[in-house]
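Step one of this worksheet: look at the structure below.
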Amino acid sequence: MKSSPLFTISQSDLHTLRTFLDHDDAFNPLDARERSLLADRLQDAKVFDDESDDEPSVAGLQTLVRVEDLSTSPPDRFDFTLVLPHEANFEDDQISILSPLGAAVFGRTAGTQVVMDSPTGTRRLQLLAVFKKAAIH
């Protein structure tokens with residue numbers, strides 16, 4: 001069986017997502033599969049302390065993620081912010097953690113490659129960098 005890359009999450013994101021998952025009214029019924037997958041991923045997550053000096057560069061809530069789509073020629077680079085589903089706004093590059101793109105990169109570290117299914121086919125993405133929102137301003 002093929003193992004997936006390690007899923008890493010901050011203590012604060014874990015707390016936010018567990019609270020979020022506990023509220024059925026926070027979800028669109030169409031997101032039931034994605035919600036279940038997220039809950040499963042949280043069970044096996046490596047959790048780090050938000051205040052740690054060794055905090056990894058992890059794609060988490062409210063982080064700006066820079067990716068390169070290796071499936072295009074030339075590779076397309078783009079940035080987006082990971083958010084909860086009700087905060088998503090494609091025009092503002094705010095992508096839900098339950099969307100195919102958000103789910104593929106959420107909990108992954110900079111330097112990781114991920115594969116995701118999209119309406120146009122399978123895409124291979126390289127996480128180039130992850131920035132905390134406060135660090136960009």
Given 0.36 nm per residue, what is the gain on full extension from GLN113 to LEU37 after removing their alpha carbon distance, in nm?
25.4 nm
When only C-alpha pairs under 8 Å and at least 6 residues apart count, what is the relative contact order of region 8-136, in percent?
25 percent
Can you tell me the mean projection area, over all orientations, of the convex hull of region 72-115's alpha carbons? Units nm², please.
3.5 nm²
Relative contact order of region 51-104, defined on C-alpha pairs under 8 angstrom at six or more residues apart (%)
24 percent
To the nearest 0.05, the calculated FRET efficiency linking LEU21 and GLN62 through their beta-carbon distance, R0 being 25 Å, is 0.90
Ascending count of other beta-carbon atoms within 10 Å, so fewest first, for LEU127, LEU70
LEU70, LEU127
When the Kirkwood radius is taken over all Cα pairs of region 8-136, what Stokes-Einstein diffusion coefficient follows at 4 °C and 1.567 mPa s, in µm²/s?
86 µm²/s
For the LEU6, LEU128 Cβ pair and Förster radius 25 Å, calculated FRET efficiency rounded to 0.05 is 0.85
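Every number here is computed from the coordinates shown, using simple stated rules; none is lab data. Because the structure is a prediction, the values reported are computed rather than measured. Neighbour counts run over all protein chains shown; Cβ positions are idealised from the backbone, glycine included.
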